[in-house]
Amino acid sequence: EERIQSHILINWLALLLIRVAEVETKQTWRTIRKTMEQMHLGHYSSKKGDFQQRTELTHEQRQTLRILGVETPPKVFDIRAKT
């Protein structure tokens, strides 16, 4: 029963976050999601190491993040040198 209640609460919170994002940005969730899904994280490898880097943000992505008060994700997420 606790698992079911937890599941319901998590879903309710997710719907609340979606609704807040829609109200703040004055866009539908479908539009917000389509815009933000264009951001990707690439993993690159070489003999010297690996790193992960996100794609450049579009104007719409920057605007959505700014309106929602979310920090811009770092360009480079992880760098690991091979020894």
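The values are calculated or read from the model by the stated rules, or taken from the named source; none is laboratory data. Model, not experiment: these values are computed from the prediction. Heads up, the Cβs are rebuilt from the backbone with ideal geometry, glycines too, and the neighbour counts pull from every protein chain shown. Surface accessibility is based on the protein's heavy atoms, side chains included, excluding ligands, DNA and RNA. Shrake-Rupley method; radii C 1.70, N 1.55, O 1.52, S 1.80 Å.
Can you pull out the residues in segment 30-83 that are among the aliphatic types (A, V, I, L, M) and in contact with a helix residue (DSSP H, G or I) (Cβ under 9 Å, 6 or more places away or on another chain)?
Ile32, Met36, Met39, Leu57, Leu65, Ile67, Leu68, Val70
Residue by residue through segment 62-71, note down the ones that are under 11 Å from the mean Cα position of the chain (by Cα), within 16 Å of Arg33 (Cα to Cα) and open to solvent by 60 Å² or more (accessible area, probe 1.4 Å).
Val70
So, in segment 48-83, how many residues would count as being out of contact with any Leu (no Cβ under 8 Å at 6 or more places or on another chain), under 30 Å from Val23 (Cβ atoms) and of a type in the set (A, V, I, L, M, F, W, C)?
The total comes to 3.
If the Cβ limit is 8 Å and pairs must be 6+ apart or interchain, which residue in segment 61-83 that is without any contact (Cβ under 8 Å) to a residue 12 or more places away in the chain and farther than 21 Å from Gly49 by Cβ pairs with which residue that is among the hydroxyl-bearing types (Ser, Thr, Tyr) and open to solvent by 60 Å² or more (accessible area, probe 1.4 Å)?
Hits for this filter: Arg62/Thr72; Leu65/Thr72.
Applying the selection to segment 33-46, what residues are of a type outside the set (Ser, Thr, Tyr) and open to solvent by less than 60 Å² (accessible area, probe 1.4 Å)?
Met36, Met39, Gly42 - these are the residues of segment 33-46 that are of a type outside the set (Ser, Thr, Tyr) and open to solvent by less than 60 Å² (accessible area, probe 1.4 Å).
Within segment 1-32, take every residue that is among the aliphatic types (A, V, I, L, M) and open to solvent by 100 Å² or more (accessible area, probe 1.4 Å) and give me the one that is farthest from Leu68 (Cα to Cα).
If we take residues in segment 1-32 being among the aliphatic types (A, V, I, L, M) and open to solvent by 100 Å² or more (accessible area, probe 1.4 Å), then Ile4 is farthest from Leu68 (Cα to Cα).
Which of (1) of a type outside the set (S, T, N, Q); (2) modelled with pLDDT under 95; (3) surrounded by fewer than 11 Cβ atoms within 10 Å (Cβ to Cβ) is the odd one out, the single condition Gly49 does not satisfy?
Here Gly49 clears every test but (3).
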